[in-house]
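These notes concern the structure reproduced below.
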Amino acid sequence: MTKRKTFAFLIPLVCVAASSLLLFTNLEAKFSDLFQRFLPSTQIRNDVLMVGIDDFAIETIDSFPFTRDVYADCISIMEEMGAQSIVFDLSFIDKARKSVNEKDEIFSPDEEMEKALKKSDITFLNFTLDYTSDIDEESKNILDQKGLLPNAEIKNDKVTEEYTGVVPTLPIFIEHAKAAGFVNADPDSDNYYRRVNLIAKYDDQYYMQLTLPALLQKLGNPKIIVENRKITLKNAKIDGKTKDLQIPRGNDGKFILKYPKMQFNEYNYLSLGDIYRIAQLKRAMAEEGEAEHIEEYTNLCAEVRPKLASAICIIGTCATSTSDYGVNPYESQYPLPGVHYTIINQILNGDFTSEIPPYISIIYALILTTLLVLAAKKMKSTVGKVIIGLIMIFVGTGILLAYYIITRTFVGETVPLFSSILAYISVIVLGFLTASKDKKFITNAFSQCLSKDVVNQIVANPDSFKLGGENREMTAIFTDIQKFSSFSELLTASELVALLNYYLTKMSDIIMAEGGTIDKYEGDAIIALVGAPLKMDDHATRAVKAALKMKAAEKVMNQEIRNIANGPQPVGMSDSLYSAFKIMVQNRKEIFTRIGINSGEMIAGYMGSENKKNYTMMGNNVNLASRLEGVNKQYSTFGILVSEATYKQLGEEILCRRLDKVQVVNVTTPLTLYEPLSLKAEASENLLEYVAVWEKAMQNFDREEYAEAHDKFCKLAVANSDDKVAAYYVKLLEDFFLKGRAPSEEDGFGVVYNPKLHCFRLLSK
């Protein structure tokens, strides 16, 4: 075989092999997102309704999380108005405390919820599958009754994901639900939500996804046949017809989501606030008579009833103050309850996509690149090689796109496209090296057809093309003013704005001086990041330095406010700000900032619409920083808490003291808390000695030497009466551990001790 023929077959093999490495990135998923845009939008059905816990609902009901009697009232109204199913994308894991109603009567929200579930025959609850949690026998029996896949035939299934743990909803609730399904919906590594499990295994049994029980009921409870490539619903009754409904499964056994081509707020939607308002009006009419409320009640019922009638209703959070958000191909801040809404719309519409195993894409790439190389070699002129190469690349992509549009089956695009580009470049370069007389012409033609910078980026760094941001190691900062709502009650709107601008300006300048980026402001809260868009190896240290400087600036601000309020109005200061200062001093109000800091991998980038974009961040590590800000309140710190991940990056420059190992709300993995106190270079000898004694006290506490720990914490509390954390540990030891027991939920101490993990679980408030 001649060298020319050898190259004709060797080039495709090398290019395909090199391009196959890109299968380990997110590029294939990005191409799938792009191809989906060429399909018609999934139909929005009237018999599927998204019931959102949105800003209006929170404003109407007053606070969030809602007490469970609120949901009890809503269940009754929804059932009364003809809803077919009520599906809760909300987890009820812990028992609620008793509350006091408007009549000063003590009642149990859980009992109200339980009563509503007993009366209802259309309510569906959820549970969460994981790999660590244990479940007692009673809860497991109830879970099996409500969540097992019914009427199923398993045919050599090898791809269904299997879990080893489960976190159930409270047994008193789930036993009265119509059925239950797991709520798991995990994102890809780029935080995009593209696929979910419709079924999953636990304890060698098959369980249903959250939406499946309500769907099966609507479809007449068909027989279910589970296979590797599809799930078949035999004789499903849908839109007046009976047929076998085949639901394709991806290569990983998951259901591929096909979102409607619209924003979440364009879905068939209703605010939970409207439903609860009907319940309020109904109660008011019963107590006060119909005359005053009948018109509003009638009008609201006329608006709400048609939406609820015969609909599968999904209740989930979408308020701007909640964190249940992710990314989908059409929205960078997508409320995740929409995933469940999308599943139901897809299945009822029979609107599915599927995919072919990756080896088919590799075979196609070999054929395409071989044809490209052979065709290019037959062309004598360099211009001909360039043209034929480009045509082959576009035709190769066009064939896969056309096949997808016709069959709705995705054949991987990454390997064919990049291998053909590499082969195209290889052919051009080899032709350039072997034809010296055409060298100048080839160079000019190459530069006109393909940018060298773009080619280098595609080959060397395909991740640079990620949509919606990039994964990066950085540090998130969340700040909040303690009891700021009490400020709002004292100040007018203009005074409040003036005070906030004064505070936010000073604090933001400190963050930015340390290289941080202000993500957004939420009222008095600052959300910031360090380490993006400019990469910084010392992002954690910069973030903590900023926090320490903010706390120092806070003292200066409070003193400045007192000085100004006790004197004449400074020249140039607005009347609103001066008035705000005087009111604060008169009411003995001071600014106290709580700061939470966490480091780790997060997504950062420009997100939003084409017309309005913001540089922002998202990810689980961002949420953890937000949680830590609130944890300051439990421990009564001097104002700053950082995670173990941040602490490990600080080195010796920052003086910190160790606190408990805890599980914060909605985070299962225990982490050690640290409180930064000062730059070590600026710390006094007394402070250094104080922290050394503190660590010895914590070591006593860790070793369950509670008497010794108590003695040291008492001495620390006396040495520094301002240290409320020391006082916290004294009370913790005296009220519990010295008495031979640990705090429980009933004690109302804010934490529960987990002896297995040797950590505290923080309770939500």
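The values are calculated or read from the model by the stated rules, or taken from the named source; none is laboratory data. Everything numeric in this text was worked out from a predicted model, so none of it was measured. Reconstructed Cβ throughout: ideal geometry from the backbone, glycine too, with neighbour counts over all protein chains shown. Calculation scope for accessible area: heavy atoms of the full protein, side chains included, ligands and nucleic acids excluded. Shrake-Rupley method; radii C 1.70, N 1.55, O 1.52, S 1.80 Å.
Considering only residues that are among the small types (Gly, Ala, Ser) and not in a helix (DSSP H, G or I), which ones fall in segment 256-282? Ser271, the sole residue that qualifies.
Inspection of segment 136-144 finds a residue satisfying the criterion of being at pLDDT below 95, closer than 27 Å to Glu114 by Cα and among the aliphatic types (A, V, I, L, M). Of all residues in segment 582-610, those that are under 24 Å from Ala553 (Cα atoms) and among the charged types (D, E, K, R) have Cβ atoms under 8 Å from Cβ atoms of residues that are modelled with pLDDT under 95 and open to solvent by 60 Å² or more (accessible area, probe 1.4 Å), 6 or more apart or on another chain, in Lys589/Leu490; Arg594/Gln482; Arg594/Lys633. Can you name every residue in segment 656-690 that is crowded, with 18+ Cβ neighbours inside 10 Å and part of a helix (DSSP H, G or I)? Answer for segment 656-690, where residues must be crowded, with 18+ Cβ neighbours inside 10 Å and part of a helix (DSSP H, G or I): just Tyr690.
Only a single criterion out of (1) crowded, with 17+ Cβ neighbours inside 10 Å; (2) without any contact (Cβ under 8 Å) to a residue 24 or more places away in the chain is not satisfied by Asp480, namely (2).
How many residues are under 14 Å from Tyr502 (Cα atoms) and either outside any helix (DSSP H, G or I) or open to solvent by 70 Å² or more (accessible area, probe 1.4 Å) (or both) when one looks only at segment 570-580?
Qualifying residue count for the region: 4.
Just one residue in the set Ile312, Ile362 is open to solvent by less than 10 Å² (accessible area, probe 1.4 Å) and in contact (Cβ under 8 Å) with a residue 24 or more places away in the chain; that residue is Ile312. A search for C-beta distances below 8 Å between a residue of segment 699-728 that is touching a residue at least 24 places away in the same chain (Cβ under 8 Å) and at negative phi and any residue that is open to solvent by 60 Å² or more (accessible area, probe 1.4 Å) and of a type in the set (A, V, I, L, M), counting only pairs 6+ apart in sequence or on different chains, returns Tyr706/Leu738; Ala707/Leu738; His710/Leu738.
Of all residues in segment 119-138, exactly one satisfies the criterion of being part of a loop (DSSP other than H, G, I, E, B), open to solvent by less than 30 Å² (accessible area, probe 1.4 Å) and not hydroxyl-bearing (Ser, Thr, Tyr), namely Ile122. In segment 543-559, which residue that is out of contact with any helix residue (DSSP H, G or I) (no Cβ under 7 Å at 6 or more places or on another chain) and open to solvent by 70 Å² or more (accessible area, probe 1.4 Å) is farthest from Ala476 (Cα to Cα)? Among those that are out of contact with any helix residue (DSSP H, G or I) (no Cβ under 7 Å at 6 or more places or on another chain) and open to solvent by 70 Å² or more (accessible area, probe 1.4 Å), it is Gln559. Taking segment 700-758 as the range and being hydroxyl-bearing (Ser, Thr, Tyr), within 28 Å of Asp134 (Cα to Cα) and either surrounded by 15 or more Cβ atoms within 10 Å (Cβ to Cβ) or at pLDDT 85 or above (or both) as the test, only Tyr753 passes.
In segment 171-200, which residues are more than 15 Å from the chain's Cα centre (by Cα), under 16 Å from Leu143 (Cβ atoms) and open to solvent by less than 40 Å² (accessible area, probe 1.4 Å)? Correct list: Pro171, Phe173, Ile174, Ala177, Ala179, Ala180, Gly181, Phe182, Ile199, Ala200. Restricting attention to segment 632-655 and to residues that are closer than 18 Å to Leu548 by Cβ and part of a helix (DSSP H, G or I), the residue that is most open to solvent (accessible area, probe 1.4 Å) turns out to be Tyr647.
Just one of the listed residues (Glu111, Glu59, Glu79) is in contact with a helix residue (DSSP H, G or I) (Cβ under 9 Å, 6 or more places away or on another chain), open to solvent by 60 Å² or more (accessible area, probe 1.4 Å), closer than 24 Å to Cys318 by Cβ and without any contact (Cβ under 8 Å) to a residue 60 or more places away in the chain, namely Glu79.
Exactly one residue out of Gly567, Gly619 is touching a residue at least 40 places away in the same chain (Cβ under 8 Å), farther than 13 Å from Leu499 by Cα and open to solvent by less than 50 Å² (accessible area, probe 1.4 Å): that is Gly619. Quick check on segment 234-249. Is at least one of its residues surrounded by fewer than 15 Cβ atoms within 10 Å (Cβ to Cβ) and over 29 Å from Ala200 (Cα atoms)? Checking segment 234-249: at least one residue is surrounded by fewer than 15 Cβ atoms within 10 Å (Cβ to Cβ) and over 29 Å from Ala200 (Cα atoms). Condition check for Thr42 on (1) open to solvent by less than 10 Å² (accessible area, probe 1.4 Å); (2) at pLDDT below 95; (3) within 22 Å of Lys282 (Cα to Cα): one failure, at (3).
Cβ-Cβ distances below 8 Å connect the following pairs, each with a first residue in segment 392-403 that is free of Cβ contacts under 8 Å to residues at least 60 places away in the same chain, a second residue that is hydrophobic (A, V, I, L, M, F, W, C) and open to solvent by 40 Å² or more (accessible area, probe 1.4 Å), and a separation of six or more residues or different chains: Met392/Leu371.
The one condition from (1) at pLDDT 90 or above; (2) farther than 24 Å from Tyr341 by Cβ that Arg37 does not meet is (2).
Can you give me the number of residues within segment 289-319 that are in a loop (DSSP other than H, G, I, E, B) and more than 19 Å from Asn46 (Cβ to Cβ)?
Step one: filter segment 289-319 for residues in a loop (DSSP other than H, G, I, E, B), giving 289-293, 309-311, 318-319.
Next, only the ones that are more than 19 Å from Asn46 (Cβ to Cβ) stay: 289-293, 318-319.
So the answer is 7.
Can you confirm whether segment 257-280 contains a residue that is open to solvent by 60 Å² or more (accessible area, probe 1.4 Å) and either of a type in the set (A, V, I, L, M) or more than 23 Å from Gly316 (Cβ to Cβ) (or both)? Quick ask: steps written out before the conclusion?
Step one: of segment 257-280, the residues open to solvent by 60 Å² or more (accessible area, probe 1.4 Å) are 261, 263, 265-266, 277.
Then keep just the ones that are either of a type in the set (A, V, I, L, M) or more than 23 Å from Gly316 (Cβ to Cβ) (or both); that gives none.
No, there is no match, as no residue in segment 257-280 is open to solvent by 60 Å² or more (accessible area, probe 1.4 Å) and either of a type in the set (A, V, I, L, M) or more than 23 Å from Gly316 (Cβ to Cβ) (or both).
Pairing residues of segment 744-755 that are assigned to a loop (DSSP other than H, G, I, E, B) with residues that are modelled with pLDDT under 80 and surrounded by 14 or more Cβ atoms within 10 Å (Cβ to Cβ), at Cβ distances under 6 Å and at least 6 apart in sequence or on separate chains, gives Gly750/Leu763. Yes or no: Thr369 closer than 18 Å to Gln209 by Cα, open to solvent by less than 20 Å² (accessible area, probe 1.4 Å) and out of contact with any strand residue (DSSP E or B) (no Cβ under 8 Å at 6 or more places or on another chain)? No; evaluated as a whole, the condition is false for this residue.
The number of residues in segment 104-124 being closer than 20 Å to Glu80 by Cβ and touching a strand residue (DSSP E or B) at 6+ places or on another chain (Cβ under 9 Å) comes to 6. In segment 500-529, the residues that are free of Cβ contacts under 8 Å to residues at least 40 places away in the same chain reach residues that are in a loop (DSSP other than H, G, I, E, B) and not charged (D, E, K, R) with C-beta atoms within less than 8 angstrom, at least six apart or across chains, in these pairs: Leu500/Gly523; Gly515/Leu534; Gly515/Met536. Candidates are the residues of segment 315-338 that are within 25 Å of Asp480 (Cα to Cα) and in contact with a Cys (Cβ under 8 Å, 6 or more places away or on another chain); the one that is surrounded by the most Cβ atoms within 10 Å (Cβ to Cβ) is Pro335. Hey, does segment 294-313 have a residue that's more than 25 Å from Asn621 (Cα to Cα) and touching a Phe, Trp or Tyr at 6+ places or on another chain (Cβ under 8 Å)? No, the conditions are met nowhere in segment 294-313.
Looking at Lys545, Lys535 in this structure, which one is at negative phi and under 25 Å from the mean Cα position of the chain (by Cα)?
Working: Lys545 fails: under 25 Å from the mean Cα position of the chain (by Cα).
Step by step, each of Lys545, Lys535 is checked, and only Lys535 is at negative phi and under 25 Å from the mean Cα position of the chain (by Cα).
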